[in-house]
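**Student:** Please read through the structure below; I'll follow up with questions.
The values are calculated or read from the model by the stated rules, or taken from the named source; none is laboratory data. What you see is a predicted model; the values in this text were computed from it and never measured. Glycine also receives a Cβ, built like all others from the backbone with ideal geometry; neighbour counts cover every protein chain displayed.
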Amino acid sequence: MAILFCNVGWMNNYNGAKGDIPKRGGAFNDHSIGHEVCNFTEIDGKIFGYVRSSGKINIKKLGAGKGDEFADGVTIVWTAGPDSGGTVVVGWYKNAKVYKEPQKLLKLSNIHKENKLDFYLIEANSVDAHLIPVNDRAILIPRAVKGGIGQSNVWYAQAPEAKNLVSRIQKYIKNRDFVDIFQDVDGGVGLEGNPRFKTHLIRERNRKIVKEKKQIVFSQTGKLECEVCSFNFKNTYGAIGEGFCEVHHLVPLHQADGLIETKLEDLAIVCSNCHRMLHKGNPLFKLTELKKMMTKKIGLKK
């Protein structure tokens, strides 16, 4: 099945511009309200979407034949740029029709009328459309990399370098199991709701690699000790603290855009307190920075 990535302005609901004006998404949105404002507004069981392209959409790349006016059965992945930077997936259409030229809407909803929109490029059944809630938009899409989306608002993702990313996006659309809602150590910190930060947390919750990290550190050192303050749960709490620690991802997310594999060397063993403090930074504090803060504070106490 063909897939098409469409980058638009950032909105909460894409259901009219009232109280939800598009942000970013190109120069057009700097001076006018983008036509994507009704991309998730339903009309009689249908959804009609729009993306501003520099030219006609190449529907042949989506499986259309010569002389066809549209490509059918296409997965549309809608992306946008949050305030925190980067580009994230905000929603999708499955089994969509993609037209090479704008089509006239034969029936308008009240919201379409209010926003003076009467044309579209992409059509899907509303049951095949899904808008990701703002706080769950955590899937980063690389742009300025080989095989990535680049500066265009329309990306066919057909380069060999895009194969792995496309596979993961398709898996997410099928299972919707990429994003977790975190209620424990990281809740309530300053970066909550930041897609880059949520992606950071998702990597830290990869149970398989966290277990591997703990095992290799313990086999090499015989202990699980915080790399910032040297706190050891077993030494402090006895048997109930044995084998316990938290794991922090070291790679700054501005250097790890998109869906990437986490390596063991990207992780650090930390205690719960230091983990919270590392996450208080924006961007996240480095281990060395937090160590210096603690050293300075201890020095003041003396």
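**Student:** Of the residues THR87, THR75, THR79, THR41, which single one is among the polar types (S, T, N, Q) and either touching a helix residue (DSSP H, G or I) at 6+ places or on another chain (Cβ under 6 Å) or over 17 Å from ILE132 (Cβ atoms) (or both)? Please lay out each step first, then the result.
**Tutor:** Working: THR87 fails: either touching a helix residue (DSSP H, G or I) at 6+ places or on another chain (Cβ under 6 Å) or over 17 Å from ILE132 (Cβ atoms) (or both); THR75 fails: either touching a helix residue (DSSP H, G or I) at 6+ places or on another chain (Cβ under 6 Å) or over 17 Å from ILE132 (Cβ atoms) (or both); THR79 fails: either touching a helix residue (DSSP H, G or I) at 6+ places or on another chain (Cβ under 6 Å) or over 17 Å from ILE132 (Cβ atoms) (or both).
After applying the criteria, what remains is THR41.
**Student:** Also: With the requirement that a residue be surrounded by 14 or more Cβ atoms within 10 Å (Cβ to Cβ), under 20 Å from the mean Cα position of the chain (by Cα) and of a type in the set (Gly, Ala, Ser), what does the range 111-149 give you?
**Tutor:** ALA129, ALA138, GLY147, GLY148
**Student:** Let me ask another. Going through the range 251-295 one residue at a time, which ones are assigned to a helix (DSSP H, G or I) and modelled with pLDDT under 80? Spell out how you get there, then give the answer.
**Tutor:** Filtering the range 251-295 down to residues assigned to a helix (DSSP H, G or I) leaves 253-255, 264-266, 272-278, 287-295.
The answer is LEU253, HIS254, GLN255.
**Student:** Also, I was wondering about something else. If you check GLY85 against the conditions, is it surrounded by fewer than 19 Cβ atoms within 10 Å (Cβ to Cβ), over 17 Å from ILE47 (Cα atoms), assigned by TED's automatic domain parsing to the domain that holds GLU36 and without any contact (Cβ under 8 Å) to a residue 24 or more places away in the chain? Let's see the steps before the verdict.
**Tutor:** Numbers: surrounded by fewer than 19 Cβ atoms within 10 Å (Cβ to Cβ): yes; over 17 Å from ILE47 (Cα atoms): yes; assigned by TED's automatic domain parsing to the domain that holds GLU36: yes; without any contact (Cβ under 8 Å) to a residue 24 or more places away in the chain: no.
When the stated conditions are applied, GLY85 does not pass them.
**Student:** Only one residue in GLU227, GLU242 is of a type in the set (Asp, Glu), in the same structural domain as LYS292 (by TED's automatic domain parsing) and closer than 27 Å to LEU140 by Cβ, so which one is that? Full working, then the answer.
**Tutor:** Values: GLU242 fails: closer than 27 Å to LEU140 by Cβ.
None of the others qualify; the one that does is GLU227.
**Student:** Taking ILE47 as the residue in question, decide whether it is crowded, with 23+ Cβ neighbours inside 10 Å and farther than 24 Å from LEU165 by Cβ. Lay out the reasoning, then the answer.
**Tutor:** Details: crowded, with 23+ Cβ neighbours inside 10 Å: yes; farther than 24 Å from LEU165 by Cβ: yes.
It is true that ILE47 is crowded, with 23+ Cβ neighbours inside 10 Å and farther than 24 Å from LEU165 by Cβ.
**Student:** Further, regarding this structure: Right, GLU204: acidic (Asp, Glu), outside the structural domain of ILE141 (by TED's automatic domain parsing), modelled with pLDDT under 90 and surrounded by 12 or more Cβ atoms within 10 Å (Cβ to Cβ) or not?
**Tutor:** On the way: acidic (Asp, Glu): yes; outside the structural domain of ILE141 (by TED's automatic domain parsing): yes; modelled with pLDDT under 90: yes; surrounded by 12 or more Cβ atoms within 10 Å (Cβ to Cβ): yes.
Considered against the rule, which asks whether it is acidic (Asp, Glu), outside the structural domain of ILE141 (by TED's automatic domain parsing), modelled with pLDDT under 90 and surrounded by 12 or more Cβ atoms within 10 Å (Cβ to Cβ), GLU204 comes out as yes.
**Student:** So, one more: Take the residues in the range 206-242 that are touching a Cys at 6+ places or on another chain (Cβ under 7 Å) and in a helix (DSSP H, G or I); name whichever of them is nearest to ILE269 (Cα to Cα). Quick ask: steps written out before the conclusion?
**Tutor:** Within the range 206-242, the first condition is being touching a Cys at 6+ places or on another chain (Cβ under 7 Å), and the residues that meet it are 214, 224, 226, 228-229, 231, 233.
The next check asks that each one be in a helix (DSSP H, G or I); those that pass are 214, 233.
Numbers: LYS214: 8, PHE233: 12 Å.
Ranking the candidates gives LYS214 first.
**Student:** Restricting attention to the range 261-289, and to residues there that are acidic (Asp, Glu) and more than 21 Å from the chain's Cα centre (by Cα), which single residue is nearest to GLN220 (Cα to Cα)? It would help to see each step written out before you state the result.
**Tutor:** Looking only at the range 261-289, we keep the residues that are acidic (Asp, Glu), and these are 261, 265-266, 289.
From what's left, more than 21 Å from the chain's Cα centre (by Cα): 265, 289.
On the way: GLU265: 14, GLU289: 25 Å.
Within the range 261-289, the match that is nearest to GLN220 (Cα to Cα) is GLU265.
**Student:** Which of the following residues is assigned by TED's automatic domain parsing to the domain that holds GLN151 and outside any strand (DSSP E or B): VAL51, VAL90?
**Tutor:** None of the others qualify; the one that does is VAL51.
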